[in-house]
Each structure stands twice: as structure tokens, then as C-alpha cells.
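Computed from the coordinates by the stated procedures, all read-outs in this text should not be read as laboratory data. Remember, predicted model here, so these are calculated numbers, not experimental data.
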């Protein structure tokens with residue numbers, strides 16, 4: 001996720017050329033892999049509920065935690081879909097990792113491309129903000145409160 005954000009920020013400033021085209025392809029390919037992983041994560045979560053929050057977590061924090069969690073997952077779905085649709089609207093098909101040609105989500109349309117470009121940009125900035133909030137909260141709980149929230153987030157950490 002962080003690599004995709006960094007690549008997305010970097011690639012837009014590149015001059016038109018092979019490096020820019022390769023960066024865009026990798027951004028799309030990995031973004032769609034993130035989409036698949038986010039879907040798998042949602043399916044996994046339906047069968048494996050999270051461990052209980054530590055007792056030291058206050059009421060408002062306990063309410064905010066799942067909101068932030070589901071917002072992150074929603075963004076991990078919305079961003080790749082908006083990017084895929086943006087590519088489609090630009091008339092550029094995606095061939096996932098150079099192997100699997102994906103169907104266009106929308107027909108080619110310049111105005112739609114511009115709207116999707118704005119949407120994708122806005123969602124990326126929202127993701128950056130939510131990630132900063134999430135990391136700050138985790139650091140607060142781990143370094144200041146020392147209440148086990150970070151251990152709970154790691155695989156098998158809450159078991």
C-alpha cells in the first residue's frame with residue numbers, strides 16, 4: 001500500500017517515456033493485486049472476528065477502531081476500481097502483469113476520465129490521511145499507553 005502510494009506520487013512527475021509507462025503499468029498491476037487481497041481480507045474477516053480490544057481502550061476509541069479499519073479496507077477497494085475505471089475511460093486497457101487482459105469497466109470518455117482522475121486523486125489523499133491517523137493511533141497505544149493494541153494487530157498476536 002505504501003509502495004503504491006509512493007509510486008503513484010513519483011510516477012505522475014515523470015516525463016513521458018518508457019519509465020513512466022512502466023511505472024504506470026506496475027502501479028496498475030500491483031493496485032489490482034491489492035484489490036484482490038482486500039477482497040480476500042474481507043472474506044477472511046467474516047469467518048475470523050478480531051480479538052477483543054484491551055480493557056484500557058476507551059469507549060470512543062473502541063468505536064473509532066472498526067470505523068478506521070473498514071475505511072481502510074473500503075479505500076483499498078475503491079482506489080483500484082477507480083484507477084481501473086480511469087484507465088478504461090482513457091481508452092487504455094489493462095493487461096494484468098502482461099498476461100491477463102482485463103475487461104474495460106467503462107467506455108472511453110474524456111469527461112469521465114477527468115472525473116475519475118479527480119476521484120482517484122481524492123481517494124489517494126483520503127487514504128494517506130487515514131493511514132496517518134491509523135499509524136499515529138497505533139504508536140500512541142504502543143509507545144504511550146502500552147496496552148497491547150499493536151500485538152493484537154499482528155497475525156496470531158491477539159490469540
For the chain, what does -39500 (n - 2.57) per DSSP helix run (n ≥ 4), summed and divided by total residues, give at 222 nm, in deg cm²/dmol to the nearest 500? -23000 deg cm²/dmol
Note down the relative contact order for region 1-94 as a percent, whole number, built from C-alpha pairs under 8 angstrom at least six residues apart. 33
Suppose a student asked you for the relative contact order of the chain, using Cα pairs under 8 Å spaced at least 6 residues apart; what percent would you report? 22
Where Rh denotes the Kirkwood radius from the mean inverse Cα pair distance, what is Rg over Rh for region 50-121? 1.25
On average, how much area does the Cα convex hull of the chain cover when viewed from any direction, in nm²? 11.1
